[in-house]
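Here is the structure we will look at, set down as structure tokens.
The values are calculated or read from the model by the stated rules, or taken from the named source; none is laboratory data. From a predicted model like this one, the values you see are computed outputs, not experimental measurements. Note that each Cβ is placed from the backbone with ideal geometry, even for glycine, and that neighbours are counted across all protein chains shown. Note: accessible area is taken over every heavy atom of the protein model, side chains too, but ligands, DNA and RNA are not part of it. Shrake-Rupley method; radii C 1.70, N 1.55, O 1.52, S 1.80 Å.
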Amino acid sequence: MKTSQSMSDVQSVEHVDVLVVGAGLSGIGAGCRLRTLCPAKSFAILEARGASGGTWDLFRFPGIRSDSDMFTLCYPFRPWSGAQAIVDGPSILAYVRDTARAYGVDQKIRFHHRVVNAAWSSEEDRWTVDIERADTGESVRMTCGFLLTCTGYYRYDQGYTPAFPGIERFAGQIVHPQFWSEEIEHSGKRVVVIGSGATAVTLVPALARSAAHVTMLQRSPSYILSIPALDPIAGLLTRALPSRLAYPIVRWKNVLIALAIYRLSRRRPATMKRLLRKLMERRLPPGYDIDTHFSPRYDPWDQRLCLVPDNDLFDAICAGHVSVVTDEIETFTEAGIALRSGVELEADLIVTATGLAMVPFGKIGLSVDGRPVALPETLVYRGMMLSGVPNMAFAFGYINQSWTLGADLTCEHVCRLLGHMDRHGYARCTPRAPDGTVASAPFADLSSGYMKRAIDQFPRQAAHDPWLRQQNYARNRRAMRRSPLDDPVLEFTSARATERPGQPLAA
Ligand SMILES: Cc1cc2nc3c(=O)[nH]c(=O)nc-3n(C[C@H](O)[C@H](O)[C@H](O)COP(=O)(O)OP(=O)(O)OC[C@H]3O[C@@H](n4cnc5c(N)ncnc54)[C@H](O)[C@@H]3O)c2cc1C
């Protein structure tokens, strides 16, 4: 039963065992895990928007696709079938929504419910969650025993656009990819895409199919690696074996390949640089200025390595449909963009693929027993909980592999933790960092602009397990499955003898 009332009216406040925030890939995965691993738990999924799917519903720009393979981006409990490894955004959205329907999780989503505050009370062993309803304007309050945020990592209401001088002078159209809509016409137009990250390299070849010309304008280059959109080994295995056998082999193959590329980049950056350059030399026209346009100043994987399927970006460059310009913007003009070098790029449409605005935990204001939680003062336990914050976890993916690998590991572990608490009659589980644990590592170790701009708002990590989640799915999975749930750094508190009637002991 839904309740809407003034914040002071707590009599009829609805209580659930677990409150999941966000109905994207992670929130729907969390719902499926709760359904199957904790069938007795009541739960609801609160979603700020009017639709599920998160990223895969929000982003509508031409060519939107995965840039990690679907065998690892899919949920392990609902294998991706077929040989197509890189697929378009609508296919991912359909997969996420189909999964929600198959597990009855779609029924659990409450749309237009934005969580603004969550306050933990040790007196009551529960969270009180304040929600704003975007559709009715009402304020709603709910309580829960466990809070699981699946809110992604960036703001939905705005992207990041630097303060470009003279931007107001431009007579054509300017759009940020986050807000692309069907009304934006690019056919036959001269398009400039500003940026060199994953979004830019996805957009550019897609726009080039019908634009008059596309210029990718970058201040500095990124490393780009082409991978086959169709996974030949997956094709072979799915034809030869039943999917229950083929899928884990393909999944683990892809996990290990991604890990090997990451490790090689970290340990032998010079070798990796040479390798990436050789691959590009083969794909780009003879004599192409790779040094200027495709040789970043940083080492591979200091920032995200951009993947393109089947050389699409390089093919578009070879065909003359795309030019890459590496320069700085002096000012926007009426006709386009004037560059530091003195060159002017004329444009009808400018796409600012300049990044996301990162934000931790959906901007939810957390407090514990009346004290606001200062996120940068907390330490991350196993990449999923915060020191000193009881009964709360967050689903976060990897930066070097498919997001789902990390998010699902967390959701599965939360379910194990809930089962453990129930079996022992615990009402509260709080990670406590031992004295002397030093917050020495950032939440995520990338030097990308979007990371640097926001990382100070995020919690921190220490130099060692369990306060450091390494970017290594295989190792983390082993550690989480094998480690005792009674981890000495987790403080478990028993439910009080005088429980409120009708309330579960350990939610
Ligand atoms: C263009 C683009 C391409 C990407 N490609 C890949 C890829 O190929 N592979 C990969 O692994 N990752 C990729 N990512 C990362 C991507 O975000 C993840 O794949 C994944 O979709 C994250 O899912 P999520 O559910 O954790 O977060 P999101 O998809 O961001 O969903 C979060 C949901 O929470 C809701 N929410 C947020 N705050 C609140 C609140 N306070 N109250 C209520 N609801 C709230 C949001 O409305 C949203 O629906 C890509 C990201 C982008 C932007």
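Structure notes:
- Top-ranked residue of region 242-298 - restricted to ones that are open to solvent by less than 30 Å² (accessible area, probe 1.4 Å), assigned to a helix (DSSP H, G or I) and free of Cβ contacts under 8 Å to residues at least 40 places away in the same chain, ranked as nearest to Asp69 (Cα to Cα): Ala246
- Cβ-Cβ under 6 Å pairs, at least 6 apart or on other chains, region 19-34 side modelled with pLDDT under 95 and among the basic types (Lys, Arg), far side crowded, with 24+ Cβ neighbours inside 10 Å and assigned to a loop (DSSP other than H, G, I, E, B): none
- Any hit, region 95-107, residues being more than 9 Å from the ligand (Cβ to nearest atom), in contact (Cβ under 8 Å) with a residue 40 or more places away in the chain and out of contact with any helix residue (DSSP H, G or I) (no Cβ under 9 Å at 6 or more places or on another chain): no
- Identity of the residue in region 456-478, free of Cβ contacts under 8 Å to residues at least 40 places away in the same chain and not in a loop (DSSP other than H, G, I, E, B), that ends up surrounded by the most Cβ atoms within 10 Å (Cβ to Cβ): Arg475
- Condition check for Ala316: part of a strand (DSSP E or B) and more than 24 Å from the chain's Cα centre (by Cα): no
- Taking the criterion of being within 16 Å of the ligand (Cβ to nearest atom), farther than 19 Å from Ser26 by Cβ, of a type outside the set (S, T, N, Q) and not in a strand (DSSP E or B), the residues of region 348-371 that qualify are Ala353, Gly355.
- Candidate set from region 372-386 (those that are in a loop (DSSP other than H, G, I, E, B) and open to solvent by less than 20 Å² (accessible area, probe 1.4 Å)); member that is farthest from Val18 (Cα to Cα): Thr378
- Every residue from region 197-211 that is under 22 Å from Gly449 (Cβ atoms), open to solvent by less than 20 Å² (accessible area, probe 1.4 Å) and out of contact with any Lys or Arg (no Cβ under 7 Å at 6 or more places or on another chain): Ala200, Val201, Leu203, Val204
- Inclusion of Arg97 among residues that are at pLDDT 95 or above, of a type outside the set (Gly, Ala, Ser), open to solvent by 20 Å² or more (accessible area, probe 1.4 Å) and over 21 Å from the mean Cα position of the chain (by Cα) is not warranted.
- Among residues of region 120-153, those that are crowded, with 19+ Cβ neighbours inside 10 Å and either on the phi > 0 side of the Ramachandran plot or in a strand (DSSP E or B) (or both), counted: 18
- Boolean, Val308 is surrounded by 18 or more Cβ atoms within 10 Å (Cβ to Cβ), closer than 28 Å to Tyr450 by Cβ, modelled with pLDDT of 90 or more and of a type in the set (Val, Ile, Thr): yes
- Some residue of region 37-46 being more than 10 Å from the ligand (Cβ to nearest atom), open to solvent by less than 40 Å² (accessible area, probe 1.4 Å) and closer than 27 Å to Lys253 by Cβ: no
- The set of residues from region 396-428 being open to solvent by less than 10 Å² (accessible area, probe 1.4 Å) and in contact with a strand residue (DSSP E or B) (Cβ under 7 Å, 6 or more places away or on another chain) comprises Thr410, Val414, Leu417, Leu418, Met421, Ala427.
- Boolean, Val105 is open to solvent by less than 30 Å² (accessible area, probe 1.4 Å), in contact with an Asp or Glu (Cβ under 8 Å, 6 or more places away or on another chain) and within 27 Å of Ile28 (Cβ to Cβ): no
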